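In what follows, a single structure is set out as structure tokens and then discussed.
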Amino acid sequence: MVKTFGAAPLSHTIAQVNDTVLLVSEDGKRFYTRLQPNHRQHTHQGIIDHNDLIDQPLGRKILSTTGHDYLVLEPSLDELMREVVKRQTQIIYPKEAGRIIFKLNIYPGRRVIEAGTGSGALTLALARLVAPTGKIYSYEARPDLQSNARANLQKVGVLDSVELKLRNIADGFDETEVDSLFLDVKEPWRYLPQAKAALKVGGFFGAIVPTTNQVSELLLALKINEFDGVEVEENFIRGYKAVPGRLRPQDVMVGHTGYLIFARNILLDIQPPARQRKRSWQVSQDAEDDLAAEA
Ligand SMILES: C[S@@+](CC[C@H](N)C(=O)[O-])C[C@H]1O[C@@H](n2cnc3c(N)ncnc32)[C@H](O)[C@@H]1O
């Protein structure tokens, strides 16, 4: 059938061991639980036995030990990032993560570096996308934050696709030729030589910063370090109250999270087209032949 929600977001109708499922109570309380044989989820309205969920269909209601309804759902990546990740840092929100995934060309099999790991929210999204054959190399300077991120990634079952590294990225990255690299650190402009050394030529670079003066610093450094195709953007989502007869925007919206900066790692040396290179090689070969004939 299918694998875990964490490792492989494939078509999924039956809950299995290691899946993280979302239980929603009659009064709207939400519980995330990773299914293990003989485990139980305690709630404010009774207990739910994991054995009653494993190998059973999703999207249905079951009864707790006290006779209360619980809806059993496959959680979305959006829900996992916002509600399961225990935050010990500011995190990347799904509205930015979606954009990062598109702009950094993330898909199964890709090799991607990110720093810092922080709470692991972006790591979770990237890991889900590159699984099962790709890898996220995630760098973090603080051991306490790395432990929290590890626990978050373990909770949703994506650790197999992640290598967590404890390092100040000023000391560089271990990997080379990676497809994409994303920086969510305070002063990303300081680490562009290290980023360039790790990225493949043509690779995808991205960063997020909260203030415009940081954007300016980064733009300057991208120019100095010979990145190309630089783009800066900001994303807003305006939610609506989903009431058929009174459809209107939510009263409150998130005004600002950060600016996203994207660029490509390029080689500035201009290479002649392969055909011309061959021709110039032929020309010099001809000259050598002429000299040999004259001798
Ligand atoms: C805003 S948090 C990252 C949040 C993360 N993107 C997420 O979605 O959960 C920034 C992290 O970068 C780490 N950091 C800052 N400078 C660093 C450096 N030079 N090397 C490694 N990690 C660094 C910080 O310790 C912090 O955990």
How many residues are in contact with a strand residue (DSSP E or B) (Cβ under 8 Å, 6 or more places away or on another chain) and surrounded by fewer than 23 Cβ atoms within 10 Å (Cβ to Cβ) when one looks only at the stretch 131-141?
4
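Would you say L164 is in contact (Cβ under 8 Å) with a residue 24 or more places away in the chain and in contact with an Asp or Glu (Cβ under 8 Å, 6 or more places away or on another chain)? First the steps, then the outcome.
Numbers: in contact (Cβ under 8 Å) with a residue 24 or more places away in the chain: yes; in contact with an Asp or Glu (Cβ under 8 Å, 6 or more places away or on another chain): yes.
So L164 passes the test.
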The listed residue being modelled with pLDDT of 95 or more and more than 26 Å from K103 (Cβ to Cβ), out of R190, R246
R246
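Which of the residues belonging to the stretch 119-137 are of a type in the set (V, I, T) and within 13 Å of L164 (Cα to Cα)?
Within the stretch 119-137, the subset of a type in the set (V, I, T) is 123, 130, 133, 136.
Hits for the stretch 119-137 are T123, I136.
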Scan the stretch 236-267 residue by residue and report those that are free of Cβ contacts under 8 Å to residues at least 60 places away in the same chain and among the basic types (K, R).
R238, K241, R246, R248
Which of (1) surrounded by 11 or more Cβ atoms within 10 Å (Cβ to Cβ); (2) among the polar types (S, T, N, Q); (3) modelled with pLDDT under 95 is the odd one out, the single condition S216 does not satisfy?
(3)
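The values are calculated or read from the model by the stated rules, or taken from the named source; none is laboratory data. Quantities reported herein were computed from a predicted structural model and do not represent experimental measurements. Here Cβ is always computed from backbone atoms with ideal geometry, including for glycine, and neighbour counts include all displayed protein chains.
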